[in-house]
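Please read the structure below before turning to the comments.
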Amino acid sequence: MLLMTLIIVAVLLVGFCLMATEQIHHINRAAIAMVCGVIAWVVYLINGGDFVRLMHGGEYAEFLSGMDSTADSVKYFVSDHVLGKYIGEACSVILFLIATNTIVEVLHNNGVFDSLVDWLRMRNSRVFLWAISFLTFLISANVDDMTTVVLMMSIITQLVRNHYQRVVYACAIMVAACMGGCFTAIGDMTSVMLWVRGLITPSAYAAGLFLPAFTSMCVFNLLIGMKLHGRVEMFSSISRYKGDDSPWASWQKIMLLILGIAGLWFIPSFHYITKLPPFLGSLSVLALVWAVEGLFNLERNGNVLLVQRHYFRNAEFIGMRIILYFIGISLGMGALAECGALDFIGCWLENNINNVYVYGAAVGLFSSVMDNVPLMMAGMNLFPLDTAAGSASEFVQNGIYWQLLSFCCACGGCLLFVGTLAGQAILEVEKIRFKWYVRNYLWRAAVAWAAGLFVFWLIH
């Protein structure tokens with residue numbers, strides 16, 4: 001059993017290294033994640049009987065109902081009672097993100113955000129920096145950071161002509177998106193995972209992380225603002241889409257925007273009232289937004305006006321790649337948890353270190369070179385949720401460990417630009433050189449993280 005555990009750990013470590021170096025070998029990380037996840041479970045099944053008895057002894061005995069244990073019975077049990085849990089959690093998060101991302105795409109496709117482009121046409125470079133950062137921070141609090149980055153990059157590429165200035169603003173967008181996403185339960189894939197697992201509640205989570213996240217964003221902006229001088233070099237005109245669609249009235253755009261944002265914020269209330277999975281709430285909001293969009297786009301003769309806008313579509317960066325990547329990571333981390341490796345690491349950490357701030361710092365450093373999704377999954381499974389009544393543990397629901405884990409994952413991903421999918425998207429769009437970013441922005445992102453961590457320590 002020990003040998004199989006070591007093989008599973010080795011397979012996943014190799015996979016994580018390959019995913020972290022995607023920019024070098026150009027092998028799709030989704031493919032790596034899926035292959036490693038499947039291999040890990042195949043290796044798990046070689047010694048499946050021992051693993052099942054170790055982790056699910058009582059459930060397995062009940063499953064057998066007095067029958068003898070066989071290789072096939074172990075496989076059926078793993079398929080029906082073990083693997084399904086991790087696939088179910090992954091699908092819940094994916095369906096939630098698909099719904100919320102589609103809501104934003106519906107709004108963008110119908111010109112709801114066009115007014116942002118006009119509002120942001122300001123010449124002072126530093127004022128523009130703060131305006132774009134605050135806007136990104138607010139949007140990212142409602143939808144995941146990847147979608148926010150795609151949306152905001154589509155805006156600044158319409159506005160800013162100077163490439164150097166656009167790169168500076170892109171860096172600010174990435175940090176603001178990560179910080180805005182990490183302080184709400186619906187703002188990032190990692191926080192959605194915490195919420196789906198029942199480790200946090202939306203209100204307490206936001207209250208604990210707003211100030212640290214906001215501080216980190218502000219400190220980063222203050223530091224990069226030193227590199228901006230004078231006026232923003234903007235395009236003299238903005239090429240808007242002109243087709244056979246009739247433009248919406250202002251009240252229609254405002255109404256759909258209010259409906260979309262209010263719907264997103266209603267999702268936690270929906271979950272609280274019904275106790276149903278969050279993705280059902282997001283799907284309901286999407287259905288409502290789609291219905292209203294359909295009504296607004298109806299001509300008098302009953303035909304629907306098709307609107308096609310030219311911008312960086314969400315599907316280009318997210319789509320099936322993100323879905324398959326997330327499923328692969330879920331499979332791999334599930335195998336790692338079921339073989340007992342994460343329990344062993346968690347016990348060792350608790351007995352030898354026992355400091356959540358050290359855990360958070362370590363997660364942040366690893367997140368600078370690895371995607372924060374597998375690190376969040378590993379961190380969630382290292383320590384069990386403490387359900388004892390009146391417990392003062394850091395691992396109770398809404399305990400500081402879960403908040404610190406999410407915050408450090410977000411900050412760490414900004415250190416080297418490759419720790420988040422949002423950062424990688426910006427690297428692709430603006431053709432930013434990795435060495436240039438490390439030389440100019442690494443220390444600024446590190447100082448911003450330290451400032452936010454200090455604020456987190458003060459309020460907790």
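The values are calculated or read from the model by the stated rules, or taken from the named source; none is laboratory data. None of the values given here were measured: they were computed from a predicted structure. Here Cβ is always computed from backbone atoms with ideal geometry, including for glycine, and neighbour counts include all displayed protein chains.
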Pairs with Cβ under 7 Å, 6+ apart, first in the range 340-354 and free of Cβ contacts under 8 Å to residues at least 40 places away in the same chain, second aromatic (Phe, Trp, Tyr) and surrounded by 11 or more Cβ atoms within 10 Å (Cβ to Cβ): 346/383; 349/359
Quick one: which helices (runs of 4 or more DSSP H) sit completely within the range 240-328 and have at least 2 residues that are touching a Phe, Trp or Tyr at 6+ places or on another chain (Cβ under 6 Å) and at pLDDT 50 or above? 278-296
Within the range 20-30, is even one residue modelled with pLDDT under 85, polar (S, T, N, Q) and within 16 Å of residue 373 (Cβ to Cβ)? yes
If we keep only residues of the range 97-112 that are among the β-branched types (Val, Ile, Thr) and over 15 Å from the mean Cα position of the chain (by Cα), then the residue surrounded by the most Cβ atoms within 10 Å (Cβ to Cβ) is 103
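Return the residue satisfying two criteria in turn: it lies in the range 400-446 and is of a type in the set (Val, Ile, Thr) and over 22 Å from residue 356 (Cβ atoms), and of such residues it is surrounded by the fewest Cβ atoms within 10 Å (Cβ to Cβ). Before the answer, list the steps.
Filtering the range 400-446 for residues of a type in the set (Val, Ile, Thr) gives 400, 418, 420, 426, 429, 432, 438.
Then drop every residue that is not over 22 Å from residue 356 (Cβ atoms), which leaves 418, 420, 426, 429, 432, 438.
Details: 418: 21, 420: 30, 426: 24, 429: 18, 432: 19, 438: 14.
Going through the qualifying residues, I end up with 438.
Yes/no per residue for (1) over 23 Å from residue 96 (Cβ atoms); (2) surrounded by fewer than 24 Cβ atoms within 10 Å (Cβ to Cβ):
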| site | (1), (2) |
| --- | --- |
| 132 | yes, no |
| 142 | no, yes |
| 165 | yes, yes |
| 177 | no, no |
| 181 | no, no |
Could you name every one of the helices (runs of 4 or more DSSP H) located completely within the range 337-450 that has at least 3 residues being under 25 Å from residue 163 (Cβ atoms) and not small (Gly, Ala, Ser)? 421-430
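Those residues that are within 24 Å of residue 282 (Cα to Cα), of a type in the set (Gly, Ala, Ser) and more than 11 Å from the chain's Cα centre (by Cα), I need them from the range 142-179; list them, please.
Initially, the range 142-179 is screened for residues within 24 Å of residue 282 (Cα to Cα), giving 142-152, 176-179.
Still in the running and of a type in the set (Gly, Ala, Ser): 176-177.
Hit for the range 142-179 is 176, nothing else.
Can we say residue 150 is within 22 Å of residue 425 (Cα to Cα), in contact (Cβ under 8 Å) with a residue 12 or more places away in the chain, buried (at least 22 other Cβ atoms within 10 Å of the Cβ) and among the β-branched types (Val, Ile, Thr)? Break it down stepwise before answering.
Details: within 22 Å of residue 425 (Cα to Cα): yes; in contact (Cβ under 8 Å) with a residue 12 or more places away in the chain: yes; buried (at least 22 other Cβ atoms within 10 Å of the Cβ): yes; among the β-branched types (Val, Ile, Thr): yes.
Against the criterion (within 22 Å of residue 425 (Cα to Cα), in contact (Cβ under 8 Å) with a residue 12 or more places away in the chain, buried (at least 22 other Cβ atoms within 10 Å of the Cβ) and among the β-branched types (Val, Ile, Thr)), residue 150 qualifies.
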Conditions first: (1) on the phi < 0 side of the Ramachandran plot; (2) crowded, with 16+ Cβ neighbours inside 10 Å; (3) more than 24 Å from the chain's Cα centre (by Cα). Residue 92 passes all but one, so which condition is the exception? (3)
Would you check which residues across the range 411-439 are in contact (Cβ under 8 Å) with a residue 40 or more places away in the chain, under 20 Å from residue 222 (Cα atoms) and not small (Gly, Ala, Ser) and list them? 411, 414, 415, 416, 417, 437
Is there a residue in the range 379-399 that is out of contact with any Leu (no Cβ under 8 Å at 6 or more places or on another chain), closer than 30 Å to residue 218 by Cβ and crowded, with 24+ Cβ neighbours inside 10 Å? no
Does residue 124 qualify as being of a type outside the set (Ser, Thr, Tyr), over 23 Å from the mean Cα position of the chain (by Cα) and surrounded by fewer than 17 Cβ atoms within 10 Å (Cβ to Cβ)? yes
